[in-house]
Amino acid sequence: MGFDRFDDLLDHQGFFFSRLDCHSDPLEGVSTMLYEPSPVKALSPEEERVRKFCEEFDKTVTNQIREQFMINCWTLNHIESAPMWEEY
């Protein structure tokens, strides 16, 4: 956290939050369901239709979540990463 943000934190007695979709990591907040491997067995036409519907639904919900959720960065690690802090 830069001094300006730290100073703002003290002045306003509050935390800085940023919108999830404003971060450079396109996978931040994305459902892992989108990245599951395809099933080994062949799907019936009905199963394939349901799979595609669920995939599109998940993408839509993920995009809505990324536009509406605010995040703040915390870590329990003993070592901090400069790129991680620059992101937030």
All-but-one check, Cys73 against (1) at pLDDT 75 or above; (2) assigned to a loop (DSSP other than H, G, I, E, B); (3) surrounded by 11 or more Cβ atoms within 10 Å (Cβ to Cβ), failing number (1)
Filter segment 33-62 down to residues that are modelled with pLDDT of 85 or more and among the charged types (D, E, K, R) and give me whichever is farthest from Asn72 (Cα to Cα). Glu46
Go through segment 49-72 and give me each residue that's touching a Ser or Thr at 6+ places or on another chain (Cβ under 9 Å) and among the β-branched types (Val, Ile, Thr). Val61, Thr62, Ile65, Ile71
What are the residues in segment 5-32 that are outside any loop (DSSP other than H, G, I, E, B), modelled with pLDDT under 80 and surrounded by fewer than 11 Cβ atoms within 10 Å (Cβ to Cβ), if any? Thr32
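The values are calculated or read from the model by the stated rules, or taken from the named source; none is laboratory data. Everything numeric in this text was worked out from a predicted model, so none of it was measured. All Cβ positions, glycine included, derive from the backbone under ideal geometry; neighbour counts span all protein chains shown.
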